[in-house]
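> My structure is below; once you've seen it, I'll send some questions.
The values are calculated or read from the model by the stated rules, or taken from the named source; none is laboratory data. The shown structure was predicted, so the numbers you read here are calculated from the model rather than taken from an experiment. We place every Cβ from the backbone using ideal geometry, glycine too, and count neighbours over all the protein chains shown.
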Amino acid sequence: MPSPRVTVQQAWDDLAQGNERFMAGQLLHPQQNAARRSELRGSQAPNAAFLGCSDSRVAAEILFDCGLGDLFVVRNIGQIANDNTTATMEYAVAELGVAVIVVLAHGSCGAVKAAIDQTTATPGEVTPAIKAELRQIQPAVQQEWFATQQVSPYVDAEHIDVDAVGRRHLDATINALMRRSRVISDAVARGELGIVGCQYQLEEGRVSPISWVGQVDVTR
Ligand SMILES: [Zn+2]
């Protein structure tokens, strides 16, 4: 198993600086030229992996002003940690030596809204495949509902905070990655890996850390 090439802190700081450039409109578009393509011909050595929402507005390389070979990314609706995405993150740690995994949620997430709808007394029609995925987000919906309202077992979509549900689901996703993968939790325990759960604010462009594990200070 390769050791990470950078510290957890360095990997996170590089991302945070890229997001600062994105917010400020001062993009460098690094590592996107022919020289970089040539450098990457035979191998890749990204320092960060992403489990993000598939939402078309949440493209990791753009939000963090990164280029080719920088980020190892898997995305699905509502950034759900299932067998596939956990294995993808595990590969990034065990085979590529990434120092940080970013779980990337965002405000106004359609998957979270749909999971809320599925938890109401009159859920809308969705396909069986989508229903199965949304079921992974519904525990966060119920936790938020029972933490703030205790009037009905069914959620009233008008009276639940979508982004608060998203933050609970983010915590659950980080926990699920560590519970599902001994490779991942051992790397965190050794101090070689950090996991940072972030919520992206669509309008402002800011990627805000919400919860994290490992030897990383995301507040500086
Ligand atoms: Zn989403």
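> Quick one: GLY25 ticks every box in (1) in contact with an Asp or Glu (Cβ under 9 Å, 6 or more places away or on another chain); (2) on the phi > 0 side of the Ramachandran plot except a single one, so which number is it?
(1)
> Now a separate question. Looking at region 15-26, can you tell me whether even one residue there is assigned to a loop (DSSP other than H, G, I, E, B), of a type outside the set (D, E, K, R) and either more than 27 Å from PRO2 (Cα to Cα) or touching a helix residue (DSSP H, G or I) at 6+ places or on another chain (Cβ under 7 Å) (or both)? Show your work before the answer.
Step one: list which residues in region 15-26 are assigned to a loop (DSSP other than H, G, I, E, B), which gives 25-26.
Retained after the next criterion (residues that are of a type outside the set (D, E, K, R)): 25-26.
Okay, now just the ones that are also either more than 27 Å from PRO2 (Cα to Cα) or touching a helix residue (DSSP H, G or I) at 6+ places or on another chain (Cβ under 7 Å) (or both), so 25-26.
Checked against the condition, which is being assigned to a loop (DSSP other than H, G, I, E, B), of a type outside the set (D, E, K, R) and either more than 27 Å from PRO2 (Cα to Cα) or touching a helix residue (DSSP H, G or I) at 6+ places or on another chain (Cβ under 7 Å) (or both), region 15-26 yields at least one hit.
> For region 14-37, which residues satisfy the criterion of being closer than 23 Å to ILE210 by Cα and free of Cβ contacts under 8 Å to residues at least 60 places away in the same chain? Lay out the reasoning, then the answer.
At the first step, the residues of region 14-37 found to be closer than 23 Å to ILE210 by Cα are 14-24.
Across region 14-37, the qualifying residues are ASP14, GLN17, GLY18, GLU20, ARG21, ALA24.
> Also: Among the residues of region 115-124, is any in a helix (DSSP H, G or I), in contact (Cβ under 8 Å) with a residue 40 or more places away in the chain and within 13 Å of the ligand (Cβ to nearest atom)? If you could, list the steps in order and put the result at the bottom.
To start, the set of residues in region 115-124 that are in a helix (DSSP H, G or I) comprises 115-118.
Then drop every residue that is not in contact (Cβ under 8 Å) with a residue 40 or more places away in the chain, which leaves 115-117.
Then keep just the ones that are within 13 Å of the ligand (Cβ to nearest atom); that gives 115-116.
Yes: region 115-124 contains one or more residues that are in a helix (DSSP H, G or I), in contact (Cβ under 8 Å) with a residue 40 or more places away in the chain and within 13 Å of the ligand (Cβ to nearest atom).
> So which residues in region 115-132 are within 24 Å of the chain's Cα centre (by Cα) and of a type in the set (S, T, N, Q)?
GLN118, THR119 - these are the residues of region 115-132 that are within 24 Å of the chain's Cα centre (by Cα) and of a type in the set (S, T, N, Q).
> Ok, one more. May I ask you to verify whether ARG190 is of a type in the set (Lys, Arg) and under 21 Å from VAL6 (Cβ atoms)? Give the derivation first.
Details: of a type in the set (Lys, Arg): yes; under 21 Å from VAL6 (Cβ atoms): yes.
So ARG190 passes the test.
> So is LEU170 assigned to a helix (DSSP H, G or I) and either touching a residue at least 60 places away in the same chain (Cβ under 8 Å) or touching a Lys or Arg at 6+ places or on another chain (Cβ under 7 Å) (or both) or not? So that I can check it myself, show each step before the final result.
On the way: assigned to a helix (DSSP H, G or I): yes; either touching a residue at least 60 places away in the same chain (Cβ under 8 Å) or touching a Lys or Arg at 6+ places or on another chain (Cβ under 7 Å) (or both): yes.
So LEU170 passes the test.
> Just need a number here: residues in region 52-86 that are free of Cβ contacts under 8 Å to residues at least 40 places away in the same chain and of a type outside the set (D, E, K, R).
Qualifying residue count, region 52-86: 12.
> Given the conditions (1) within 16 Å of the ligand (Cβ to nearest atom); (2) not in a helix (DSSP H, G or I), and given that ILE62 satisfies all but one, which numbered condition is not satisfied?
(2)
> What single numbered condition from (1) over 30 Å from ALA157 (Cβ atoms); (2) within 16 Å of the ligand (Cβ to nearest atom); (3) not hydrophobic (A, V, I, L, M, F, W, C) fails to hold for GLY69?
Going through the list (1) over 30 Å from ALA157 (Cβ atoms); (2) within 16 Å of the ligand (Cβ to nearest atom); (3) not hydrophobic (A, V, I, L, M, F, W, C), GLY69 breaks only (2).
> While we're looking at this one, here's another question. Can you find a residue in region 81-90 that is aliphatic (A, V, I, L, M), out of contact with any Cys (no Cβ under 7 Å at 6 or more places or on another chain), at pLDDT 95 or above and in a loop (DSSP other than H, G, I, E, B)? Working first, answer last.
The initial filter retains those residues of region 81-90 that are aliphatic (A, V, I, L, M), namely 81, 87, 89.
After this cut, where a residue has to be out of contact with any Cys (no Cβ under 7 Å at 6 or more places or on another chain) as well, the list is 81, 87, 89.
Right, trim to at pLDDT 95 or above and you get 81, 87, 89.
Then keep just the ones that are in a loop (DSSP other than H, G, I, E, B); that gives 81.
Yes - at least one qualifying residue is present in region 81-90.
> All but one of (1) modelled with pLDDT of 95 or more; (2) in a loop (DSSP other than H, G, I, E, B) hold for TRP145, so report the exception by its number.
Here TRP145 clears every test but (2).
> Looking at VAL112, VAL151, VAL74, VAL58 in this structure, which one is among the aliphatic types (A, V, I, L, M) and crowded, with 23+ Cβ neighbours inside 10 Å? Outline the logic, then answer.
Numbers: VAL151 fails: crowded, with 23+ Cβ neighbours inside 10 Å; VAL74 fails: crowded, with 23+ Cβ neighbours inside 10 Å; VAL58 fails: crowded, with 23+ Cβ neighbours inside 10 Å.
Matching residue, one of VAL112, VAL151, VAL74, VAL58: VAL112.
> Here's a follow-up. Please determine whether any residue of region 34-46 is in contact with a strand residue (DSSP E or B) (Cβ under 8 Å, 6 or more places away or on another chain) and not in a loop (DSSP other than H, G, I, E, B).
Step one: filter region 34-46 for residues in contact with a strand residue (DSSP E or B) (Cβ under 8 Å, 6 or more places away or on another chain), giving 44, 46.
Imposing the further condition that a residue be not in a loop (DSSP other than H, G, I, E, B) reduces the set to none.
Checked against the condition, which is being in contact with a strand residue (DSSP E or B) (Cβ under 8 Å, 6 or more places away or on another chain) and not in a loop (DSSP other than H, G, I, E, B), region 34-46 yields no hits at all.
> Right, another one. Identify, please: which residue in region 94-108 is part of a strand (DSSP E or B) and among the β-branched types (Val, Ile, Thr) and is, among those, farthest from the ligand (Cβ to nearest atom)? I'd like the intermediate steps shown before the answer.
As a first pass, look at region 94-108 and keep what is part of a strand (DSSP E or B): 100-106.
Checking the rest, the ones that are also among the β-branched types (Val, Ile, Thr) come to 100-103.
Working: VAL100: 21, ILE101: 18, VAL102: 15, VAL103: 12 Å.
Of everything passing the filter in region 94-108, VAL100 is farthest from the ligand (Cβ to nearest atom).
> Step by step: first the residues of region 125-137, then only those that are away from the ligand (no atom under 15 Å from the Cβ) and assigned to a helix (DSSP H, G or I), then the one that is surrounded by the fewest Cβ atoms within 10 Å (Cβ to Cβ). Which residue is that?
Ranking the candidates gives PRO128 first.
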